[in-house]
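What follows is a short report on a single structure.
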Amino acid sequence: MSTELAKRRGSLMKSESKQKLLAFSSLLVMIIVFSIASPNFATFSNFVGILLSTAVVGILATGVTFIIITGGIDLSIGTVMTFCSVIAGVLITFWGLPIWVGVAGAILSGMMAGLINGLLISKMRLPAFIATLGMQMIAAGLNLVISGSRPIYFLHEPKFRLIAMGTLFGIPYSVFLFFGLAIIASIVLGRTVFGRYTYSIGSNEEATRLSGINVDRWKIAVYVLGGFFYGVAGVVMASRLNSAQPALGVGYELEAIAAVVIGGASLSGGSGTILGTIIGAFIMSVLTNGLRILSIPQEWQTVVIGSIVILAVYTDIIRRRKE
């Protein structure tokens, strides 16, 4: 069985490499096309804006990469991210606690949501789609209840905004945070037991279970890790806006999942890389930014992004059939 899994893994790695090359080529083509179409695109300030928007989507996508590799899914990404930012707002603005307490509280809140998702899926045997959809609705409701349906501003803590908007060489801190987390995640996924078990569960969960690995425990850990990244993204988003917006977050799950799939991961599990996810996240950000600069109406931007999501999933299905 191990030989069979090794051969399958080798085939998937070749497919992932091709997908990453295709995604990177598409990214370069998009940058060239948008640069030619508008002189406002190829400017330093606009590229910084792209990096800033990619930081949030990229952090979310990095977290959900682990989940998708196990063959799971998480539809609560956006609302849990918002829930984490609301918790940070309550701790820092309402309760007057130090910034680091608010940040820690936000991240722990994300991990708690991930723990609940993992328990629902592993222990109660709920389909990941249903469990995380329920969490999405719960988090969305709690965001409105806790905040009183009003934004929570961080006006009395100006240093909080530096988390995302402070700059080094003109680049926001949040961008460095994103790349730092991506590097760590790549090492964890590619060079640790945690990463090997993640791939193993996604490739053949039953075979992994029969080999003596506690699959339930590792799946729970994967969802908790995802929640950690959602918490960080929530802090970055709140810092960027200098407020916790309770109605924000819906739609981020689609962008994050699309970024992972565009980067070469399969919704069937067993394949995916952090590098591919980063490329996919940049594709989503560049596309959104380019369409906005070209003054494409918001409703048509949504149509294009939705079409990209469908195309990415269909491409994954075709790739799986060939394998």
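Cβ-Cβ distances below 6 Å connect the following pairs, each with a first residue in the stretch 77-98 that is without any contact (Cβ under 8 Å) to a residue 40 or more places away in the chain, a second residue that is small (Gly, Ala, Ser), and a separation of six or more residues or different chains: LEU91/GLY102; LEU91/GLY105.
Where helices (runs of 4 or more DSSP H) fall entirely within the stretch 206-297, those with at least 1 residues that are free of Cβ contacts under 8 Å to residues at least 12 places away in the same chain and of a type in the set (A, V, I, L, M) are at 215-241.
Looking at the stretch 183-195, can you tell me whether even one residue there is among the charged types (D, E, K, R), in a helix (DSSP H, G or I) and closer than 20 Å to ALA265 by Cα?
yes
Among the listed residues ILE77, ILE87, ILE69, ILE107, which satisfies the condition of being touching a Cys at 6+ places or on another chain (Cβ under 8 Å) and of a type outside the set (Ser, Thr, Tyr)?
Numbers: ILE77 fails: touching a Cys at 6+ places or on another chain (Cβ under 8 Å); ILE87 fails: touching a Cys at 6+ places or on another chain (Cβ under 8 Å); ILE69 fails: touching a Cys at 6+ places or on another chain (Cβ under 8 Å).
The conditions single out ILE107.
Looking across the stretch 244-257, the residues that are surrounded by 20 or more Cβ atoms within 10 Å (Cβ to Cβ) and not aliphatic (A, V, I, L, M) come down to PRO246, GLY249, TYR252, GLU253, GLU255. Applying the selection to the stretch 140-184, what residues are of a type in the set (Gly, Ala, Ser) and free of Cβ contacts under 8 Å to residues at least 24 places away in the same chain? Residues satisfying the conditions are GLY141, GLY148, GLY166, GLY180.
Looking at this structure, is ARG217 of a type in the set (D, E, K, R) and closer than 19 Å to LEU181 by Cα? Walk me through how you get there before you give the answer.
On the way: of a type in the set (D, E, K, R): yes; closer than 19 Å to LEU181 by Cα: no.
In short, no.
Read-outs throughout are calculated quantities, based only on the coordinates presented, and are distinct from any laboratory measurement. If you're wondering where the values come from, they're calculated on a predicted model, not measured in any experiment. Cβ: placed from backbone, ideal geometry, glycine included. Neighbour counts: every protein chain shown.
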